[in-house]
Amino acid sequence: MQTKELLENTVKILDNKKAEDIKALEITDLSSVADYFVIVSGTSSTHIRALAEELEEKLTSLGKEPNHVEGRSTGWILLDYGTVIVHIFTPADRENFNLEKLWQDAKEVDVSKWIIE
């Protein structure tokens, strides 16, 4: 699966599971860690776990396994898919860590075309 397809599938899967405030940041020129960060919020710790499980299950069925998963029992779950790193937060932890501000020089990707209204 190519990076853009992975990014699109990630956004669609998370949106279908009711992730909130979905943002994708292109970090290609800023870091060698990945090409994109996807940052979303869940409504509770239960919801963020459900988002992470759904994403992992659906992407695995499409042939893409995560390289690493961290934080399953915290308010911030990270799924590393190599070129795309997904950050799933509770609202409080998202505000606390504020990755959008930390990576403010990143280009925000328009994900609206992948989100069901």
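One residue stands out in the range 73-90 among those that are in contact with a Gly (Cβ under 7 Å, 6 or more places away or on another chain) and not β-branched (Val, Ile, Thr): the one that is least open to solvent (accessible area, probe 1.4 Å), namely Phe89.
Against the conditions (1) without any contact (Cβ under 8 Å) to a residue 40 or more places away in the chain; (2) open to solvent by less than 90 Å² (accessible area, probe 1.4 Å); (3) closer than 18 Å to Trp114 by Cβ, Lys12 satisfies every one except (1).
Inspect the range 74-90 for any residue being in contact with a helix residue (DSSP H, G or I) (Cβ under 9 Å, 6 or more places away or on another chain), closer than 18 Å to Leu51 by Cβ, without any contact (Cβ under 8 Å) to a residue 60 or more places away in the chain and among the charged types (D, E, K, R) and give the result as yes or no. Checking the range 74-90: not a single residue is in contact with a helix residue (DSSP H, G or I) (Cβ under 9 Å, 6 or more places away or on another chain), closer than 18 Å to Leu51 by Cβ, without any contact (Cβ under 8 Å) to a residue 60 or more places away in the chain and among the charged types (D, E, K, R). Consider the range 16-41 and keep the residues that are out of contact with any strand residue (DSSP E or B) (no Cβ under 6 Å at 6 or more places or on another chain) and farther than 15 Å from Trp103 by Cβ. The one that is least open to solvent (accessible area, probe 1.4 Å) is Lys17. Looking at Thr74, Thr60, Thr43, just one residue is more than 21 Å from Lys107 (Cβ to Cβ) and at pLDDT below 95, and that residue is Thr74. Those helices (runs of 4 or more DSSP H) of the range 22-109 in which 2 or more residues are closer than 16 Å to Lys12 by Cα occupy 45-61.
This table checks each residue for (1) open to solvent by less than 80 Å² (accessible area, probe 1.4 Å); (2) among the aromatic types (Phe, Trp, Tyr); (3) without any contact (Cβ under 8 Å) to a residue 12 or more places away in the chain; (4) more than 18 Å from Met1 (Cα to Cα).
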residue: Ser45; (1), (2), (3), (4): yes, no, no, yes
residue: Gly63; (1), (2), (3), (4): yes, no, no, no
residue: Gly71; (1), (2), (3), (4): yes, no, yes, yes
residue: Val111; (1), (2), (3), (4): yes, no, no, yes
residue: Ile115; (1), (2), (3), (4): yes, no, no, yes
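If only residues of the range 47-61 that are touching a residue at least 12 places away in the same chain (Cβ under 8 Å) and closer than 19 Å to Lys4 by Cα are counted, the one that is surrounded by the fewest Cβ atoms within 10 Å (Cβ to Cβ) is Lys58.
The values are calculated or read from the model by the stated rules, or taken from the named source; none is laboratory data. Fair warning: this is a prediction, and the values are worked out from it, not measured in the lab. Note: ideal-geometry Cβ built from the backbone for every residue, glycine included; neighbour counts use all protein chains shown. Please note that ligands, DNA and RNA were not included when accessible areas were found on the heavy atoms of the full protein model with its side chains. Shrake-Rupley method; radii C 1.70, N 1.55, O 1.52, S 1.80 Å.
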